Amino acid sequence: MKTSLSNALKLLVSYIVIMLVGTFLGAVLYTIYSLCTTIVAGELISFFDPALFMKGIFVCAPVIMAASGMLMIFYLIRHSSGSWLPILFYIIIYLSTWIFLMPLSFSVEHVFLERHKAVTLATPNVSSGYFRRSGPYISYFSKVDDTNYVSGLCIDANGASKEVYTFSDMILVQGDEIFVDSLVQENMGMPGFVADMFIYGSGLLQIGRVEHRHGFFHWLCFATMGLAIAAIAGLRHVSKWRLVNVVLMFYSMFLILFLNIYSYFESFLTPLVVYMNGILEKVIRVENPFLLTSNLLLAFIFALTGLLIDINRKRNYGAA
């Protein structure tokens, strides 16, 4: 009993460390990367902005809160115990995070952004004297004025003759690229797969903010994703091999995120989601009954699996 209580308290300490260190490091990376998007070749750079760092804290905190569940499960695997006290601590901590802490972070974020509406990055002018690729063309700006009117030449890199065109006093229009300078983006831009993960992750985070603004009941429906993630702890003893348990839980986490992301966004699952919502909304009057039901079903399956496995372990091995 003493060992179980010690493991439970250590789990709480681990959670606090995960939240503090994870949020801080996430905010630092967010600040640095955001400032990198404004870098222009040949110009002075800055790697810290206090207001942007605070915004990074609010952006990263909910992500760390969600990820803390898996990290705590790894702790439970590493410090396996026959007692259910650590797992009860885990459930209380993680569900409290989704029900109370995460909505609180959204509320504080909203107040902060209302008071600091100018937490935006200034768009600098592109510098002259560098070759930059833009699709099939390579541009060289010989002159750039303060209003972003540029003069220079353009090379058709894909053409067989590699024709060269000159231009003068042409307005440079910023596109949808994250980076201001395409030359910097070539060297510091995220790989496509990672960029897609960030796009979907930020989209899911934005949906969470919207559901929170709609009211506590809407938030609880969204937070069933957290309930499903919490229930993954039931798989921690599926195999005697810890690595197998870790891999299985990773895949389970991926399944939950996959289901939630592709149920909210237009995807190949959309026809199924629409069809099932048409059936389930007659009984369950929520915005997305299919996703709610799926999260609850996955949580039930994972929790029941864990309960049966733990009962069997106690029956065969006692408290070992």
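Between residue 167 and residue 213, what is the FRET efficiency for a Förster distance of 56 Å, r being their Cβ-Cβ separation, to the nearest 0.05?
That gives a FRET efficiency of 0.75.
In nm, to one decimal, how far is the modelled label at residue 281 from the one at residue 9, with both set 7 Å along Cα→Cβ?
Here the answer is 5.2 nm between the modelled labels.
What percent does the relative contact order of segment 190-320 come to when contacts are Cα pairs within less than 8 Å and at least six residues apart?
Once normalised by length, the contact order is 31 percent.
Once you put a point 7 Å from the Cα of residue 110 and another 7 Å from the Cα of residue 95, both along the Cβ direction, what distance in nm separates them?
Spacing of the two 7 Å Cα→Cβ label points: 2.5 nm.
Exactly which GluC sites (Glu not before Pro) in segment 214-320 are in a DSSP loop and have at most 12 other Cβ atoms within 10 Å?
Answer by residue number: 266.
Over the Cα atoms of segment 131-173, what radius of gyration and what Dmax do you get, in Å?
Cα-based Rg and Dmax for segment 131-173 come out at 10.7, 35 Å.
If neighbour count is taken as other Cβ atoms inside 10 Å, put 236, 132 in order from fewest to most.
If I rank by nearby Cβ atoms, fewest first, I get 132, 236.
Just so you know, all these numbers are worked out from the coordinates, no wet-lab data involved. Note that the coordinates shown come from a computational prediction; the quantities given were computed from them, not determined experimentally. So basically every Cβ, Gly included, is an ideal-geometry build from the backbone, and we count neighbours across all protein chains shown.
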